[in-house]
Structures are given as structure tokens and as C-alpha cells.
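**Q** Please see the structure below; I have some questions.
The values are calculated or read from the model by the stated rules, or taken from the named source; none is laboratory data. Computed from a predicted structure; not experimentally measured. Methodologically, a virtual Cβ is constructed for each residue, glycine included, from the backbone with ideal geometry; neighbour enumeration extends over all protein chains shown.
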Amino acid sequence: MSAEVVRLPVREPSPEERPVLVVDLGGQYSQLIARRVREARVFSELVSHSVTPDEVRARNPYALILSGGPASVYAEGAPHVDPALYELGVPTLGICYGMQLMAQDLGGRVDRTGVSEFGKASLETEGEGALFAGLPAQQTVWMSHRDSVVAPPAGARVVAGSPSTPIAAFEDPERALYGVQFHPEVVHTPYGQDVLKNFLYGIAAAPPAWTPAAVIEEQVERIRAQVGSDRVLCGLSGGVDSAVAALLVYKAVGEQLTCVFVDHGLMRENEGEQVVETFGGHFHVPLVAVQAQERFLARLAGIEEPEEKRMIVGEEFIRVFEEEAAKLGDVRWLVQGTLYSDVIESGGTEGVAAKIKSHHNVGGLPADMKMGLVEPLRLLFKDEVRRVGEELGLPERWVWRQPFPGPGLSIRIIGEVTPERLEILRAADAILQEEVRKAGLYRELWQSFAVLPAIKSVGVQGDERTYAYPIVIRAVTSEDAMTADWARLPYELLDTISSRIVNEIPGVNRVALDISSKPPSTIEWE
Ligand code: XMP
């Protein structure tokens, strides 16, 4: 008899178990650095600069990246890190202010040399730097600094310089300390992502393992551990966040999940049906779809004031949701589509206190619902949510859906919401969406939609004088909805949209284009 030795599989740490920690020193690009690291498929988290060496050790990170920061490391109140972080043996990259801080803390020198550098600069590498391995000896980088490192940390070697910043990068492989004065995270540094990859893969030996599939696996495990055999409730809004959150939970605990979809009648054309078809029909997720259109319309009757509309839709939504939840009996957990950006905004990287994102973006859920929260998107940026959605098989249309306000079409009718106006607006919006998609512009636009100001103007159709509503086309480009520019849609496309709307929709005789930016306008009209 021969004994066979069976090797037990060695469990690789999941990407989230060994993150790269981006230490936030207050620079405007800290979040962007975290995202770029993730784009290199290495999991990263933003942490406060007050992070302690013990906290860092506990996370067992592959690397630390010190972000940019305010003007000067010498200024009063300038953010610092515990210098013991440099002694942990964790590969550390300082960027801009982060680099200067390292120099200052480690026996180098930072000075105001009188030469500030803002914008593009030509970087020349010197010798064989690990950060620049495989990259051209001369490259364009983006600089934004007044102070400069005038002496690198003791023992570090200067590996790149620019005409006005002779010490633009240093390396100390012995202590695993690295610094760059330029910003590798911005698009204006064409090889920036390669520099980051050299640091992550080559120096920190972090594998590119953070993939949508890995996220799903990790979250599924976490959700199972969190909810056990309890029942879970999830509200679907028709948007991408709640859909992805629901699919993750369904993958984890199957029929322990019940989704509730409240159709308030203020969605775009066919959206309500799509929720039912996709979730109930295609994914077989237990789904309660509540047809509450009439309740919402009744409460909106006679209301013209935008904030009052918002409040009514929010309140009524909660009421319906609560009624349905009560019917389900003993449900312990509620799914929330909180994103990493919400987490950062609400607690910053300090305490990372979870602010509960209003579930449907319409005013939040009742505080007295005594349920624990399941937040499977808590570590993800929006674009990562979309990629996870794709991996989970969510239809492309859904994954890439433009943002849509919780109060829906009610705030795109300027004036009272009536069934007739809703029908007109929905039809106009559907034409607009269809043509924008056909023109291949849907994903390029942050939002594109129709607005119905409840006024009437004179027109002529056949031999008849008409007195009907106008439709306003609103299309904007934006990064984050804080600012937006009106989209320069091609005339041909505008022409098609306009003629289709006036010809196909009775009750409309005029189409106008909104050519205002935000600020001073807003994206929505109400
Ligand atoms: P504004 O109109 O303020 O919109 O430029 C910025 C972004 O927020 C969306 N928006 C809302 N989303 N409930 C929401 O869930 C609302 O009441 C609401 N109002 C505006 C808007 O569509 C844009 O993306």
C-alpha cells in the first residue's frame, strides 16, 4: 500500500486582505491615486495621515503611497505622518507633497527655491531607476509645486530631474522608500500609470489580482458571513447601484433575499417593466413589484413647488416600502448601495463613519427600521460597480445607465405633474434617448433628457393653429455633476430629435435646446 501525500492548497490572500494604503495628506488627487492603483488591479484604500504604525501593520499592506498635500511641509498645521511608518519595511512612494515630507523626515531638505512649477514639464531619468524601468529616458510629466526637494533623504539616490526641479524623483531600495515630485496619477503624465505599475508590481510585488471576479468572490463570502441564514431586504430603484448590490446579495444568499421595487410612475419609458423582467424574469430574484403610480400621482396633484414634490415622493416612497417590508415578516437585514465615494465623503478617511445614503436617492429610509445594513458596494467606486455589474451579467443598458434623480420625471415637469404631461414627457424622453444612443453618444454624455415646462405656445400644423407644450432638450457632459457643460450635440441629431418629437407626440409643437452650463444653471430644471 502506498501512501499518497496530498498537498493542501495554499490560500492566496484575497486582494482586500493586502491592500495598498494611500495616505491622504489633503491633496486634491488623493482619491484619484487610489483609483489609479485599482485600475492597475491592485486593491487600494484611502487612509488618514494620522494612521498609526500599528494600524498599518495590522492591514499588512503591499505598499504605502503618500499623497500630495497643501502648499508647504513647513507651513503651520501642515499634515504629517508618524515617521515610524518609514521603518515598517513596507515599500513607500511619496508623491509631490508626500515626497517632500519623506525628504524632510528622513534627513533630506525641502526649500522654496523661487522656482515654482505648474503644468507640463520635461523629465529626464538618470541611471537605472526601478520606478522608470522600461520607460523612455525623457518623458512629459505634470508638476504642481512651489517647494522643491533640494537634498534627497540620506542614502537615497536621485533618479530623475526636470529643468526647474533637479530632484524630481529619488529611490532608496534598501529601505524601500521612493519619491516623485510630479503627479503620476493625472492624465497629463502620459507614462504616469506605468510609473505606478513599476512601483506596485516591480517594487512592492503586489499582484494585479483585484478584478471584478475577485470582488464578487470576496463580497459573496462577506455577505454570507454577515447575514448567516437571516432574511434580507433590498429596494431596487432601476439604477445601477441597487441592481448590482441586489445581485451580489442574491449570489451570496439566494432566496433569503427579497427585492422590493416601488414603481412610482415617474420612471422613464419601460423602466419599471425592465426591473420586473430582468430581476424577476431573468435572474429569478424574489421580487415584490408594487404598482404605486396612482398613490404618487394623487399626492402630487396640485403641487408645483419643486422641493415639495421631492418631499412628497420621498415620503410616499418610504411609506410604500415600509408597508411591503412589514408584510414580509421577520427580515433582519437591509441592503444599501453605499459607494466608497459616499464613505469617503461622509467620514472622510478619518473615522470612516457610514452615512446612510438615501436608499432611493429620494430622502432616505425610516430611521426606526430596525435592520442591520448590508453594504456590498462600500469599497467600490462607481466605475468599479459598473464593471462588477457587467461581470454579474447585468444588461449593458442597465450597467451604463445615466444618473436619474429619485423624484424622477416629477421634477422634469415644470409645474404640476399630471398623467397627460407625464405621458408626453416620457414619450419625448424616449425619442431623445433612442436617438442619442443611435448616434453613439449615450455613454459620452453625463445626462441627456427631456424637460416639459408646463407652458403653451402657438404653432401651426397642417392648416391648423396649435397651442401646445414645448419640450426642452437637456444634455450635459460632466465628471461628477458638481459642474457641467452643455453638450455640443450635432445639428443633424438635434434635427432628428426635434422633428420626431413634434411629429410623433400630440400635444407638443416646439422643441428648444438648453445651452447653459452649471454653474450658473443646474443640470435639472427643478
Ligand atoms: P443638479 O440639477 O443639482 O443635479 O445640477 C446634480 C445631479 O443630481 C441629480 N439630482 C437628483 N438626484 N434626487 C436625486 O436622486 C434629487 O432630488 C435630485 N436632484 C438632482 C441630477 O440628476 C444630477 O445628476
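**Q** Given the conditions (1) surrounded by 22 or more Cβ atoms within 10 Å (Cβ to Cβ); (2) part of a helix (DSSP H, G or I), which single one is not true for ALA206?
**A** Single failed check for ALA206: (2).
**Q** Between THR165, THR140, which is over 21 Å from SER67 (Cβ atoms) and among the hydroxyl-bearing types (Ser, Thr, Tyr)?
**A** Result of the check over THR165, THR140: THR140.
**Q** Which one of the conditions (1) within 13 Å of the ligand (Cβ to nearest atom); (2) in contact with a strand residue (DSSP E or B) (Cβ under 7 Å, 6 or more places away or on another chain); (3) within 30 Å of GLN31 (Cα to Cα); (4) of a type outside the set (S, T, N, Q) does GLU526 fail to meet, given that it meets all the rest?
**A** (3)
**Q** Can you find even one residue in region 29-45 that is surrounded by fewer than 21 Cβ atoms within 10 Å (Cβ to Cβ), in a loop (DSSP other than H, G, I, E, B), at pLDDT below 95 and among the charged types (D, E, K, R)?
**A** no
**Q** Step by step: first the residues of region 466-499, then only those that are in contact with a Leu (Cβ under 9 Å, 6 or more places away or on another chain) and in a helix (DSSP H, G or I), then the one that is surrounded by the fewest Cβ atoms within 10 Å (Cβ to Cβ). Which residue is that?
**A** LEU494
**Q** So, one more: Considering only region 101-109, I want to know if a residue exists there that is assigned to a strand (DSSP E or B), among the charged types (D, E, K, R) and surrounded by fewer than 23 Cβ atoms within 10 Å (Cβ to Cβ).
**A** Among the residues of region 101-109, at least one is assigned to a strand (DSSP E or B), among the charged types (D, E, K, R) and surrounded by fewer than 23 Cβ atoms within 10 Å (Cβ to Cβ), which makes the answer yes.
**Q** Which one of the conditions (1) more than 31 Å from the chain's Cα centre (by Cα); (2) among the acidic types (Asp, Glu); (3) not in a loop (DSSP other than H, G, I, E, B) does ASP54 fail to meet, given that it meets all the rest?
**A** (1)
**Q** Continuing with this model, one more query. Give the residues of region 219-237 that are β-branched (Val, Ile, Thr) and under 24 Å from the mean Cα position of the chain (by Cα), sorted by residue number.
**A** Start the filter on region 219-237 by keeping residues that are β-branched (Val, Ile, Thr), which leaves 220, 223, 227, 232.
Hits for region 219-237 are VAL220, ILE223.
**Q** For GLU17, only one of the following conditions fails: (1) loosely packed, with under 14 Cβ neighbours inside 10 Å; (2) within 23 Å of the chain's Cα centre (by Cα); (3) on the phi > 0 side of the Ramachandran plot. What is its number?
**A** That leaves (3) as the condition not met.
**Q** State which residue pairs qualify: first residue not assigned by TED's automatic domain parsing to the domain that holds SER448 and inside region 396-416, second residue of a type in the set (S, T, N, Q) and modelled with pLDDT under 95 in any location, beta carbons under 6 Å apart, and separation of 6 or more residues or different chains.
**A** GLY406/ASN361
**Q** State all residues of region 367-401 that are under 11 Å from the mean Cα position of the chain (by Cα), surrounded by 17 or more Cβ atoms within 10 Å (Cβ to Cβ) and part of a helix (DSSP H, G or I); if no residue qualifies, say none.
**A** Residues satisfying the conditions are GLU384, VAL385, ARG386.
**Q** Restricting to region 402-450, give me the number of residues that are surrounded by fewer than 23 Cβ atoms within 10 Å (Cβ to Cβ), more than 12 Å from the ligand (Cβ to nearest atom), of a type outside the set (Phe, Trp, Tyr) and part of a loop (DSSP other than H, G, I, E, B).
**A** Qualifying residue count for the region: 8.
**Q** So, one more: Would you check if ALA487 is modelled with pLDDT of 95 or more and within 33 Å of the chain's Cα centre (by Cα)? Give the derivation first.
**A** Details: modelled with pLDDT of 95 or more: yes; within 33 Å of the chain's Cα centre (by Cα): yes.
Criteria met by ALA487.
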